[in-house]
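See below for the structure under consideration.
The values are calculated or read from the model by the stated rules, or taken from the named source; none is laboratory data. Only a predicted model underlies this, so the values are computations on that prediction, with no experimental measurement involved. Using ideal geometry, Cβ is built from the backbone for each residue, glycine included, and neighbour counts are taken over all protein chains shown. Ligands, DNA and RNA are excluded from the accessible area calculation, which covers all protein heavy atoms including side chains. Shrake-Rupley method; radii C 1.70, N 1.55, O 1.52, S 1.80 Å.
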Amino acid sequence: MNEPVMSTHQLSHLCLALVLSATSLHAEALWPEFRGPTAQGQSTATGLPTEWSKSQNIVWRTETEGRAWSSPIVANGKIFLTDATEKGSKLLLHVLALDAATGKALWNTKVLEQKNVEALKMHKKNSHASPSAIWQDGRIYAHFGHHGTACVDEAGKLLWTTQENSYAPVHGTGGSPVIVDELLIFNADAAASPSVIALDKNTGKTRWKVARSSEASRKFSFCTPLVIQV
């Protein structure tokens, strides 16, 4: 495979390269959320490679247009990713799907748009698409922190969006959502008045919002909720 010559700057700021080893392609048929099916970052796969390069242990390599630090999720032979692309003074937020076996791009859906200049500020080591999406029953829920949240189906059709829970982050966002019964739950860890928010996963409407009290002098963070039974 002939690869285009790109500088380090271009690779880190203009595209996201996703690489998978031949063994890991079939290691986890379902990796539906950040840290996997148990939310613990653990896999039952064995014999996986421990080293990668552009040519070592690589089956395919697919570049995407934007800049995103989110982790991929896998379901039904497809890989789902979020992406963020700046077009002039606007920020376009996308969900896209790749074929897990070949890396072929299947679809790319713009789900949200951000025009507020203040909302575009973030730390240089972060991205506007850092939270990982979550899959359940044929739907992909993509959370972009203070920019909003969206839901698409596995064909890329937009089902709902919401931007009603905006807040002022300090360095951007990073926490991914979780699903509990009919709720999509995430932290809104802002510079002031941080909270935990639950959306109706079928409509995107806010079901509840509670304050996240803390005695810390700096209240913002980037954590992902962990659901446990006690």
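Summary table
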quantity	calculated
Spans of strands (runs of 3 or more DSSP E) in the range 45-156 with at least 3 residues closer than 19 Å to Glu33 by Cβ	73-75, 78-87, 90-99, 134-136, 139-143, 149-153
Output for the range 157-178, where each listed residue is under 14 Å from Ile197 (Cβ atoms) and either in a strand (DSSP E or B) or of a type in the set (Ser, Thr, Tyr) (or both)	Thr162, Ser166, Tyr167, Thr173, Ser176, Val178
Residue that is crowded, with 21+ Cβ neighbours inside 10 Å and at positive phi, where the choices are Gly88, Gly156, Gly145, Gly103	Gly145
Pick from the range 185-204, criterion within 20 Å of the chain's Cα centre (by Cα) and open to solvent by 50 Å² or more (accessible area, probe 1.4 Å), ranking: farthest from Pro37 (Cα to Cα)	Thr203
Glu182 being of a type in the set (Asp, Glu) and either surrounded by fewer than 17 Cβ atoms within 10 Å (Cβ to Cβ) or over 18 Å from Trp135 (Cα atoms) (or both)	yes
Identity of the residue in the range 112-137, within 13 Å of the chain's Cα centre (by Cα) and among the hydrophobic types (A, V, I, L, M, F, W, C), that ends up farthest from Gly66 (Cα to Cα)	Trp135
Selection within the range 45-62 - over 19 Å from Gly156 (Cα atoms) and in contact (Cβ under 8 Å) with a residue 40 or more places away in the chain	Lys54, Val59, Trp60, Arg61
The range 170-179, residues that are at pLDDT 85 or above, in contact with a His (Cβ under 9 Å, 6 or more places away or on another chain) and either open to solvent by 20 Å² or more (accessible area, probe 1.4 Å) or aliphatic (A, V, I, L, M) (or both)	His171
Strands (runs of 3 or more DSSP E) wholly inside the range 179-225 containing at least 1 residues that are within 16 Å of Phe144 (Cα to Cα) and of a type in the set (Gly, Ala, Ser)	183-188, 195-200
Matching entry among Gly77, Gly41 (being without any contact (Cβ under 8 Å) to a residue 24 or more places away in the chain, open to solvent by 20 Å² or more (accessible area, probe 1.4 Å) and not charged (D, E, K, R))	Gly41
Candidate set: the range 141-167, residues that are hydrophobic (A, V, I, L, M, F, W, C) and free of Cβ contacts under 8 Å to residues at least 60 places away in the same chain; chosen: the one farthest from Thr206 (Cα to Cα)	Ala155
